[in-house]
Amino acid sequence: MDNFIFYNPVKIIFGKNTIPELTNEVSKYNRILLAYGGGSIKKNGVYDQVVTALANHTIFEFQGIEPNPKYETLMRAVELCRTEKIEFILAVGGGSVIDGCKFIAAAVDYEGDPWEFVGDFTGKSIKSSIPLGTILTLPAAGSEMNCGAVISRANSPDKLPFASQKVFPRFSILDPETTFTLPTAQTANGIVDAFVHITEQYLTFNANASVQDHWAEGLLLSLLEEGPKVLADPENYDARANIMWASTMALNGLLSVGVSTDWATHMLGHELTAKFGLDHGVTLAIVWPSMMRIKKNNKFNKLLRYAKEVWGIGEGEDAEKIEKAITKTQEFFESIGIKTHLSDYGIGREDIDGLIGQLDKHGMDRLGERQDINLEESRLILEACL
Ligand code: NZQ
Ligand code: ZN
C-alpha cells in the first residue's frame, strides 16, 4: 500500500426526516442561494421542506441546472450570486445540481473566465469558494461527499472534471425517502455509477491494500443485493438507505487511498455523454465490460479476486473464471434495465473516429491505472462495445 493523506471534512446527516436539520447547519448565514434542477423537488415535497427549514433566511432561487450541468447555465447563477452577495449555496438534487453548485461556488470570486479551472484536477487554480451544502435526492455520483465535479459546455464536446478541496460541501443531508420518486432508469443509473466508481478504484492491480479491497467488495455486494430490491419496491426504505449510503461511500476518497486507480471507463463515458447525450450511468454500463476484457492482463489478479469474492466463482481455469465474472457483471447491468452495447443506442463504427478525436482534444491519450491506454487502444475498447 502506498503512503497517503486522507482528508474529508463533509458532515453527513443521514436518515428519515433529516431535512429540518438544515436550519441549524446554515444558522450563521442569511443570504442563501437555493439551487436545483428541473423541478423534481417541487413534485416530491423536498422543496417545501427546504423552504420551511429556511423560513428565517433570505432565499434566492436558481432553478434549471440541467443533467450534465452546462457552464453557460451555471454562469447565470454566478452572476446572481455576485449581484445578491450570496453567503451560502444550497444544492438540492442529484450529481448534476451538486456539481453545478461546486462550480458556482468556486466561480463567484474567480478572477478570469471560470472555464479555465474546469479540467484542472490538481485544485491549484481555485483560490476561494463560497461555502456550500447539499441535500441529495439521487444516489449515484457521490458528489455529496467529495471535492470533484464534472462540467459541460453547450454546443461543444466538452464534458470535463475538476477538483479542489475548497469545494467540499460543509454538510450533506441524505434522506432516503427523497429518492422514492426516482424514475426506474435513474435508480438504475445510480446503481451502475456507484458500482463502476468502486471497480475503477478496486479492479486495478494488487497493492496489498486488504482494507480497501474488502471494503470495495462489501460495497459491491450491497449494490448487488439491494439494487434489485429498490427496483422491485421503490419505497423500500431500507434498500433505498443502503443504496444511498453505498453510493456515497463509493466515491468519498476512502477506496482510493494508497492504491492506483483506473478511471479510463469514466473518461470514455464522458465523451459518449458529451457527443450523444447518453446518461452517465449508461455510458459506464456500455464501456466497463469491454474495458475489463481488453485490459484483463493488467487486471488479472484482481479480476480473479473479484470473480471469487463478489460473484462466488472459484472453480475452473483462470481465464474462464474471469470471463464468467465479466459476463455476470454485464448481465447485472442489463437485468436492471441498462443496455450495454453502443448499437443499442444507435451508435455505430462510423461514430468512433469522432470520439477518438474528442479524447485526443482533451488530452486523454494515456488512460488507466498504468497510463497505458493510448488512443489506438481506446478505439479497440469502443469497437468492442459495438
Ligand atoms: O433536474 P431534476 O429535477 O433534479 O431531475 C433530475 C434529473 O432529471 C432527476 N432526479 C433527481 N432526483 C430525483 C429526480 N427525479 C425524481 N425524484 C428524485 N428524487 O434525475 C435526473 C438526473 O439527475 P442528475 O443529477 O443528472 O443525475 P446524477 O445524480 O446521476 O448525476 C449525474 C452527473 O454527475 C456527474 C456526471 O458526470 C453527471 O454530470 N458525476 C459527478 C461525479 C463527482 N462529482 O464526483 C462523479 C461521477 O462519476 C459523475 O461523473
Ligand atoms: Zn461516475
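So which of I322, I243 ends up being under 22 Å from the mean Cα position of the chain (by Cα), part of a helix (DSSP H, G or I) and either assigned by TED's automatic domain parsing to the domain that holds M364 or free of Cβ contacts under 8 Å to residues at least 24 places away in the same chain (or both)? One residue alone meets the criteria, I243. Taking the criterion of being β-branched (V, I, T), away from ligand 1 (no atom under 14 Å from the Cβ) and buried (at least 20 other Cβ atoms within 10 Å of the Cβ), the only residue of the range 232-272 that qualifies is V259.
Any idea which of F168, F195, F162 is among the aromatic types (F, W, Y) and more than 16 Å from ligand 2 (Cβ to nearest atom)?
Working: F195 fails: more than 16 Å from ligand 2 (Cβ to nearest atom); F162 fails: more than 16 Å from ligand 2 (Cβ to nearest atom).
Of the residues listed, the single one that is among the aromatic types (F, W, Y) and more than 16 Å from ligand 2 (Cβ to nearest atom) is F168.
Considering (1) within 16 Å of ligand 2 (Cβ to nearest atom); (2) within 22 Å of I12 (Cα to Cα), the lone condition that I130 does not fulfil carries the number (1).
Given the condition under 21 Å from E21 (Cβ atoms), in contact with a helix residue (DSSP H, G or I) (Cβ under 6 Å, 6 or more places away or on another chain), of a type in the set (A, V, I, L, M, F, W, C) and more than 9 Å from ligand 1 (Cβ to nearest atom), answer yes or no: does some residue in the range 174-196 qualify? Within the range 174-196 (the criterion being under 21 Å from E21 (Cβ atoms), in contact with a helix residue (DSSP H, G or I) (Cβ under 6 Å, 6 or more places away or on another chain), of a type in the set (A, V, I, L, M, F, W, C) and more than 9 Å from ligand 1 (Cβ to nearest atom)), the answer is yes, since at least one residue qualifies.
Select, from R366, R305, the only residue that is modelled with pLDDT of 95 or more and farther than 27 Å from L219 by Cβ.
On the way: R305 fails: farther than 27 Å from L219 by Cβ.
Of the residues listed, the single one that is modelled with pLDDT of 95 or more and farther than 27 Å from L219 by Cβ is R366.
Give the residue that is nearest to ligand 2 (Cβ to nearest atom), with candidates limited to residues of the range 138-151 that are farther than 20 Å from K70 by Cβ and touching a residue at least 60 places away in the same chain (Cβ under 8 Å). Once the filter is applied, the top-ranked residue is G142.
Among residues of the range 266-290 that are over 18 Å from G94 (Cα atoms), those with a beta-carbon under 9 Å from a residue that is among the acidic types (D, E) and surrounded by fewer than 24 Cβ atoms within 10 Å (Cβ to Cβ) at least six positions away or on a different chain give the pairs A274/D158; K275/D351; F276/D351; A285/E334; I286/D344; S290/E383.
None of K229, K159 is away from ligand 1 (no atom under 14 Å from the Cβ), over 20 Å from A325 (Cα atoms) and in contact with a helix residue (DSSP H, G or I) (Cβ under 7 Å, 6 or more places away or on another chain) except K229.
Among the numbered conditions (1) closer than 30 Å to E84 by Cα; (2) out of contact with any helix residue (DSSP H, G or I) (no Cβ under 6 Å at 6 or more places or on another chain), the only one that S129 does not meet is (2). The set of residues from the range 85-124 being among the hydroxyl-bearing types (S, T, Y), part of a loop (DSSP other than H, G, I, E, B) and at pLDDT 95 or above comprises just one member, Y110.
For I173, which of the numbered conditions (1) free of Cβ contacts under 8 Å to residues at least 12 places away in the same chain; (2) buried (at least 23 other Cβ atoms within 10 Å of the Cβ) fails to hold? Unmet for I173, out of (1) free of Cβ contacts under 8 Å to residues at least 12 places away in the same chain; (2) buried (at least 23 other Cβ atoms within 10 Å of the Cβ): (1).
The values are calculated or read from the model by the stated rules, or taken from the named source; none is laboratory data. Every value quoted in this text rests on a predicted model; they were computed, and no experiment measured them. For neighbour counting, all protein chains shown are included, and Cβ atoms are generated from backbone atoms with ideal geometry for every residue, glycine included.
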